[in-house]
């Protein structure tokens with residue numbers, strides 16, 4: 001997934017880009033409002049989410065947010081040092097989808113990125129095109145909960161299917177362990193970590209595609225679409 | 001100040017009026033007597049001229065001495081009858097030549113005799129002793145009858161002083177009335193003057209009190225008064241502006257600083273996150289580094305909260321602090337249960353004039369503290385009550401409590417008890433709490449809770465209009 005990071009502080013931008021890149025995001029950095037708006041003009045392969053800092057050198061962050069809203073439906077998360085309630089309300093009223101105050105917890109920021117992008121994906125495709133996910137030889141039929149590799153149906157348990165379907169939503173993007181545990185096992189209990197590893201291992205074995213699910217050390221897992 | 005200024009002005013005014021009035025009264029009496037004396041001297045002179053040739057007629061006189069004596073006598077008698085003034089002509093041998101009334105003779109001593117003796121030396125009585133209105137003395141004027149350069153007889157008049165005294169008294173009454181009128185005028189003027197001087201002082205005092213109790217927007221309205229005080233009021237307003245600006249700058253600085261620190265801190269935390277990704281999972285060092293970073297972020301949040309709390313205008317309304325406190329107690333109950341600490345609330349419906357949001361935040365901070373320091377198995381009690389003009393919420397814990405020295409410092413910014421340095425928190429919670437309460441005229445007091453523990457009393461006014469005693473506390 002592509003992210004547009006609008007941030008004037010290079011140190012923050014570099015660190016955040018690095019962290020996001022580690023989580024499988026493709027980050028484009030814009031240093032000011034002008035650059036950000038230019039980056040958003042060619043709507044070829046749009047950005048999944050815009051992370052917008054309010055303290056920009058050339059124009060007010062709120063103004064930029066308003067312009068982005070007019071131009072595209074890309075979700076905007078305001079990432080800013082302004083923590084007071086009025087700023088938050090103003091930002092959300094102007095069309096921001098979420099508001100995160102610096103310094104943020106990385107896990108929380110990522111969870112919010114996933115949350116807003118999930119909402120927009122569902123809005124764009126209300127249950128038609130996305131019912132079948134195709135990842136090279138792997139076909140995932142969401143309504144019937146059937147998975148086939150090269151035409152052969154592979155029987156999966158409920159949790160295994162949920163796990164695969166989650167990772168397949170955003171191929172390439174790293175899902176943090178706690179996020180997977182939240183969404184698949186509906187719990188925030190850390191002890192589920194072992195169970196997750198067991199399920200990943202069994203998925204790899206059943207699909208006979210050991211490289212399909214990649215472990216990102218310290219972060220979580222992601223799906224790598226095999227060629228062909 | 002009025003009670004000092006007013007008598008002073010009145011005493012001064014009275015002294016001035018007395019200084020003018022007494023000599024005026026004295027000179028009035030003197031002038032009155034002088035007039036009478038001059039009158040008598042004229043009369044005695046006339047009698048003297050009549051008496052001059054009784055007994056020895058001048059050359060070519062058409063009247064005989066006996067006729068002249070008769071004339072003198074009749075003159076004296078009519079004079080006595082008309083004016084009531086005794087008059088007589090005595091020879092040097094003290095024998096009366098003529099007298100009216102005829103029973104009046106020269107006494108052996110006394111005023112009449114003194115005047116007679118003086119006149120014998122051919123001196124007229126010029127300056128008899130002053131007769132004051134309250135004396136019953138008589139006025140004696142004697143005049144020598146001189147023939148051929150020798151004193152042959154003495155004319156003596158002995159007049160009652162009644163009419164003169166009553167004239168003097170009348171004059172004095174007029175003066176007295178004038179003085180009283182002037183005094184009343186002076187008292188009125190003094191009242192106006194003290195009012196004029198003191199009104200700006202009172203306004204200034206009220207404004208100073210307002211500012212001292214946190215209403216920094218108060219300014220002195222122009223209230224007239226002496227130019228010096230008007231200048232003082234202007235200077236005071238300038239000072240208040242300045243103080244407000246400085247406080248505003250300080251708040252802005254705290255807000256800006258905590259704001260500006262967020263970017264570097266965010267970058268730092270992200271870098272730590274990256275480092276953590278490189279290290280094997282579950283590395284204890286990196287986890288504690290992350291915890292420290294988050295603690296720093298928490299302090300920044302609190303600093304900003306404090307700056308905002310000090311800036312907030314309280315949104316005051318009549319609030320049932322009983323219900324509000326019960327709600328807070330209920331909200332904290334799960335935390336208390338998790339720690340094994342009892343949390344008991346006694347919250348009868350109690351009205352207060354407070355900002356519900358600010359009061360909730362303040363109570364959260366106080367209850368949070370109480371739970372933090374109370375060991376498992378003990379109980380934290382929250383009691384709502386009202387005492388006269390104020391309503392109170394008392395939060396009493398059974399923790400270790402604080403020493404007297406620590407009690408004096410509790411609530412200072414960043415202050416934390418030396419025994420509690422390692423318990424989570426920034427040391428700003430109570431400062432924020434105090435700032436939130438102060439905006440609505442409330443206070444926060446810490447006391448010992450016998451035998452051990454801490455008792456925190458949150459006090460808020462019951463009605464609008466902050467009572468004096470509360471703000472002075």
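Would you mind telling me which numbered condition in (1) farther than 25 Å from residue A:3 by Cβ; (2) in contact with a helix residue (DSSP H, G or I) (Cβ under 6 Å, 6 or more places away or on another chain); (3) buried (at least 17 other Cβ atoms within 10 Å of the Cβ) residue A:163 fails?
Residue A:163 satisfies all of (1) farther than 25 Å from residue A:3 by Cβ; (2) in contact with a helix residue (DSSP H, G or I) (Cβ under 6 Å, 6 or more places away or on another chain); (3) buried (at least 17 other Cβ atoms within 10 Å of the Cβ) except (1).
Could you check how many residues of the stretch A:68-86 are within 28 Å of residue B:272 (Cα to Cα) and more than 11 Å from chain B (Cβ to nearest Cβ)?
4
Name the residue, out of A:64, A:79, that is outside any helix (DSSP H, G or I) and either modelled with pLDDT of 85 or more or buried (at least 19 other Cβ atoms within 10 Å of the Cβ) (or both).
Details: A:64 fails: outside any helix (DSSP H, G or I).
It is A:79.
Identify the single condition in (1) touching a helix residue (DSSP H, G or I) at 6+ places or on another chain (Cβ under 8 Å); (2) closer than 15 Å to residue B:89 by Cα; (3) outside any strand (DSSP E or B) that residue B:130 does not satisfy, given that it satisfies every other one.
(2)
Within the stretch A:1-17, restricting attention to residues that are surrounded by fewer than 18 Cβ atoms within 10 Å (Cβ to Cβ) and touching a strand residue (DSSP E or B) at 6+ places or on another chain (Cβ under 9 Å), which residue is farthest from the other protein chains (Cβ to nearest Cβ)?
Here the answer is A:2.
Quick one: what pairs do we get from the stretch A:207-220, first residue more than 11 Å from chain B (Cβ to nearest Cβ) and in contact (Cβ under 8 Å) with a residue 12 or more places away in the chain, second surrounded by fewer than 16 Cβ atoms within 10 Å (Cβ to Cβ) and part of a loop (DSSP other than H, G, I, E, B), C-beta under 7 Å, 6+ apart or different chains?
Correct list of pairs: A:209/A:226; A:211/A:226; A:212/A:226.
Looking at B:215, B:231, B:202, B:192, which one is away from chain A (no Cβ under 14 Å), on the phi < 0 side of the Ramachandran plot and part of a loop (DSSP other than H, G, I, E, B)? If you could, list the steps in order and put the result at the bottom.
Working: B:231 fails: part of a loop (DSSP other than H, G, I, E, B); B:202 fails: part of a loop (DSSP other than H, G, I, E, B); B:192 fails: part of a loop (DSSP other than H, G, I, E, B).
Criteria check complete, one pass: B:215.
Within the stretch A:37-59, identify whether any single residue is within 14 Å of another protein chain (Cβ to nearest Cβ) and assigned to a helix (DSSP H, G or I), and answer yes or no.
Step one: filter the stretch A:37-59 for residues within 14 Å of another protein chain (Cβ to nearest Cβ), giving A:51, A:53-57.
From what is left, the residues that are assigned to a helix (DSSP H, G or I) are none.
Within the stretch A:37-59, not a single residue is within 14 Å of another protein chain (Cβ to nearest Cβ) and assigned to a helix (DSSP H, G or I).
Residues checked against (1) within 13 Å of residue A:105 (Cα to Cα); (2) buried (at least 20 other Cβ atoms within 10 Å of the Cβ); (3) away from every other protein chain (no Cβ under 11 Å); (4) touching a helix residue (DSSP H, G or I) at 6+ places or on another chain (Cβ under 6 Å):
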residue	(1), (2), (3), (4)
B:251	no, no, yes, yes
B:262	yes, yes, no, no
B:278	no, no, no, no
B:282	no, no, no, no
B:288	no, no, yes, no
B:294	yes, no, no, no
B:298	yes, no, no, no
B:309	no, yes, yes, yes
B:315	no, no, yes, no
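Residue under question is residue A:21, and the condition is that it be in contact with a helix residue (DSSP H, G or I) (Cβ under 7 Å, 6 or more places away or on another chain) and either at pLDDT 85 or above or at the interface with chain B (Cβ under 9 Å from one of its Cβ atoms) (or both); does it hold?
Details: in contact with a helix residue (DSSP H, G or I) (Cβ under 7 Å, 6 or more places away or on another chain): no; either at pLDDT 85 or above or at the interface with chain B (Cβ under 9 Å from one of its Cβ atoms) (or both): yes.
When the stated conditions are applied, residue A:21 does not pass them.
Against the definition (assigned to a loop (DSSP other than H, G, I, E, B) and either within 25 Å of the chain's Cα centre (by Cα) or modelled with pLDDT of 85 or more (or both)), how does residue B:222 come out, yes or no?
Numbers: assigned to a loop (DSSP other than H, G, I, E, B): yes; either within 25 Å of the chain's Cα centre (by Cα) or modelled with pLDDT of 85 or more (or both): yes.
Yes.
Going by the structure shown, is residue B:247 at pLDDT 80 or above and within 12 Å of another protein chain (Cβ to nearest Cβ)?
Values: at pLDDT 80 or above: yes; within 12 Å of another protein chain (Cβ to nearest Cβ): no.
Answer is no for this residue.
Take the residues in the stretch A:147-160 that are surrounded by 14 or more Cβ atoms within 10 Å (Cβ to Cβ) and under 24 Å from the mean Cα position of the chain (by Cα), then tell me which one is farthest from residue A:198 (Cα to Cα).
Pass one, the stretch A:147-160, residues surrounded by 14 or more Cβ atoms within 10 Å (Cβ to Cβ): A:147-149, A:154, A:156, A:159-160.
So of that shortlist, the ones also under 24 Å from the mean Cα position of the chain (by Cα) come out as A:147, A:159-160.
Working: A:147: 19, A:159: 11, A:160: 10 Å.
In this case the residue turns out to be A:147.
For residue B:368, indicate whether it is at negative phi, in contact with a helix residue (DSSP H, G or I) (Cβ under 9 Å, 6 or more places away or on another chain), surrounded by fewer than 20 Cβ atoms within 10 Å (Cβ to Cβ) and within 14 Å of chain A (Cβ to nearest Cβ). Let's see the steps before the verdict.
Values: at negative phi: yes; in contact with a helix residue (DSSP H, G or I) (Cβ under 9 Å, 6 or more places away or on another chain): yes; surrounded by fewer than 20 Cβ atoms within 10 Å (Cβ to Cβ): yes; within 14 Å of chain A (Cβ to nearest Cβ): no.
It is false that residue B:368 is at negative phi, in contact with a helix residue (DSSP H, G or I) (Cβ under 9 Å, 6 or more places away or on another chain), surrounded by fewer than 20 Cβ atoms within 10 Å (Cβ to Cβ) and within 14 Å of chain A (Cβ to nearest Cβ).
Residue-by-condition table, conditions (1) modelled with pLDDT of 85 or more; (2) over 26 Å from residue B:162 (Cα atoms):
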{"site": "B:14", "(1), (2)": "yes, yes"}
{"site": "B:32", "(1), (2)": "yes, no"}
{"site": "B:49", "(1), (2)": "no, yes"}
{"site": "B:52", "(1), (2)": "no, yes"}
{"site": "B:56", "(1), (2)": "no, yes"}
{"site": "B:59", "(1), (2)": "no, yes"}
{"site": "B:62", "(1), (2)": "no, yes"}
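Taking the stretch A:98-112, which residues are more than 10 Å from every other protein chain (Cβ to nearest Cβ), in contact with a helix residue (DSSP H, G or I) (Cβ under 8 Å, 6 or more places away or on another chain) and touching a residue at least 24 places away in the same chain (Cβ under 8 Å)?
Hits for the stretch A:98-112 are A:110, A:111.
The values are calculated or read from the model by the stated rules, or taken from the named source; none is laboratory data. What you see is a predicted model; the values in this text were computed from it and never measured. Every residue, glycine as well, gets a Cβ built from its backbone with ideal geometry; the counts of neighbours run over all protein chains shown.
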